[in-house]
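Worksheet for the structure shown next.
No lab work stands behind these numbers, since they all come straight from the coordinates. Just so it is clear, the model here is predicted, and its values are computed rather than measured. Counting neighbours? That spans all protein chains shown, and the Cβs are built from the backbone with ideal geometry, glycine included.
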């Protein structure tokens, strides 16, 4: 644990070293997030609700989504890079350490730009999420569960590179797909697409269900969200561990 904390601290210090670049990248992300907020505000000026979702609920969803992204892609930036690291034979240094290599890799790099999301999400929640002590606690719970789902999903699809080889590009495809789907209210989708959001591309657990919990706490929904977080986090770790048995330095792939 000491090594993990020390590595994470060094990653934060490294990101903070060039302060001008740090604030520039954070500011760009904040501006990007603000554009999305303005889009939804203007949208709901013309349309009062969309399948039960009004402006306040969508802004709450966006607050959760940006917070989840800030944690998963900002603080744990390598979550989306596991495939590329594996393909490039860059796991060697992590394997030589007396800690789990996945834990080291996840905290090894901080994405400065996406820390803007981590700043923006809680601020938006305070401004538009009608915060109370109870709603704030649920917001934190939902965001942490959503982050666990997203990290687990990204690690899992990245770890597929250890089995199938290639450059790990499937991780980028999965990353783009799940964030796009998580950016919209879950109820605007139907049929097979909605089923997809709760299974193989678990976007509903990243933003949709946490938003419902903040607005209307249900123990069954909370249990489903927590279960999803544990399942996808475990799946990511499991696939990564299994894939390590097929990994060889220099990205040379062996087949049983």
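Brief remarks on what is shown
- When all alpha carbon pairs of region 105-170 are counted in 10 Å bins from zero, the resulting P(r) reads 17, 36, 28, 14, 5 %.
- For region 139-196, fraction of C-alpha pairs farther apart than 15 Å, in %: 60
- Largest-first principal axis extents, alpha carbons of the chain, Å: 56, 46, 30
- Relative contact order of region 2-244: 26 percent, from C-alpha pairs under 8 Å at least 6 residues apart in sequence.
- Here the sum of -39500 (n - 2.57) over DSSP H runs of 4 or more residues, divided by the residues of the chain, equals -22000 deg cm²/dmol at 222 nm, to the nearest 500.
- Entry note, region 1-110: relative contact order of 37 percent, from Cα contacts under 8 Å with a spacing of 6+ residues.
- Residue of 132, 161, 211 that the Gaussian network model of the chain assigns the largest fluctuation, springs spanning Cα pairs under 10 Å: 132
- Stretch gain in nm, segment residue 169-residue 217, where the contour uses 0.36 nm per residue and the Cα spacing is subtracted: 13.5 nm
- Each of 194, 9, 81 was scored by other Cβ atoms within 10 Å of its Cβ. Listed from fewest to most, they are 9, 194, 81.
- Taking 121, 129, 89 as the candidate residues, the one with maximal mean-square fluctuation in a Gaussian network model of the chain, Cα springs under 10 Å, is 89.
- Choice from 61, 34, 76 showing the highest fluctuation, given a GNM over the chain with Cα pairs closer than 10 Å: 34
- Along each principal axis, taking the top coordinate minus the bottom one, the Cα set of region 62-158 gives 47, 23, 22 Å in descending order.
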